[in-house]
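> First the structure, which I've put down as C-alpha cells, then a few questions once you've had a look.
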Amino acid sequence: MTTTPTVAAIAWRCDTCATSTTTGVIHINLQRVTAVEQELTAWEKRPREDVSRAVELAEVFAAPMIARWEVACRKCGHDCSGCYSIELALCPSVFALVKWTAHLYDKSWFRATNWVSFIHRVAQENGDPAEAAGVW
Ligand SMILES: [Zn+2]
Ligand SMILES: [Zn+2]
C-alpha cells in the first residue's frame, strides 16, 4: 500500500479585495509594530497597586491593540516600503509557513504582532478540519 503525501499548499487570498493571489505579499506596517511594542512595554510597567477583578478586566480592554499581518495582492497597488513583507512566492506551503514562523519568532517585535492568529486563520481556511480535531 502506498500513501500519497498531503499537499500542504496554501491558497492565499488578498485581505483587501479577496482575490486569489500567488504573487502578493504577507505584510505588516513596521511603524505600527514599533508603536505597539512601546505601548506593550509601557503597559507592562504600569503601576499595579489595586488588582481587584474589575480592574484586571478593565486593563485587558485597555491593553494595546496588536499590529496585524495581512495579505496584499499586486493589483491592490499597496506600497510596502514601510512594511516587513514576505513574498507569497516564498511562502507557498504550510512547511514554508512553519519556517517563517520560526524566523519571525526570533524577532524582538514578534509579540507585538498577531502572527499566531494569522497562521491559525490560514490553517482554518486551508486545512482539513479532521486533521486537528479537538484543537481550537
Ligand atoms: Zn487585492
Ligand atoms: Zn505592506
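The values are calculated or read from the model by the stated rules, or taken from the named source; none is laboratory data. Just so we're clear, the structure is a prediction, and the values are computed from it rather than from any experiment. Counting neighbours? That spans all protein chains shown, and the Cβs are built from the backbone with ideal geometry, glycine included. Protein only, heavy atoms only, side chains kept; ligands, DNA and RNA dropped before computing areas. Shrake-Rupley method; radii C 1.70, N 1.55, O 1.52, S 1.80 Å.
> Looking only at residues in the stretch 16-29 that are open to solvent by 60 Å² or more (accessible area, probe 1.4 Å) and within 16 Å of Cys80 (Cβ to Cβ), which one is nearest to ligand 2 (Cβ to nearest atom)?
In this case the residue turns out to be Asn29.
> If the requirement is being modelled with pLDDT of 95 or more, within 16 Å of ligand 1 (Cβ to nearest atom) and either over 19 Å from the mean Cα position of the chain (by Cα) or among the hydroxyl-bearing types (Ser, Thr, Tyr) (or both), which of these qualifies: Cys14, Cys76? It would help to see each step written out before you state the result.
Numbers: Cys14 fails: either over 19 Å from the mean Cα position of the chain (by Cα) or among the hydroxyl-bearing types (Ser, Thr, Tyr) (or both).
Checking each option against the conditions leaves just Cys76.
Here's the yes/no breakdown for (1) closer than 14 Å to Ala11 by Cα; (2) open to solvent by less than 80 Å² (accessible area, probe 1.4 Å):
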{"position": "Ser93", "(1), (2)": "yes, yes"}
{"position": "Val98", "(1), (2)": "no, no"}
{"position": "Phe110", "(1), (2)": "no, yes"}
{"position": "Asn114", "(1), (2)": "no, yes"}
{"position": "Val122", "(1), (2)": "yes, yes"}
{"position": "Glu131", "(1), (2)": "no, no"}
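> A further question on this structure: Can you say whether Val94 is at pLDDT below 95 and of a type outside the set (S, T, N, Q), as far as the supplied structure shows?
Details: at pLDDT below 95: yes; of a type outside the set (S, T, N, Q): yes.
Yes: the conditions hold for Val94.
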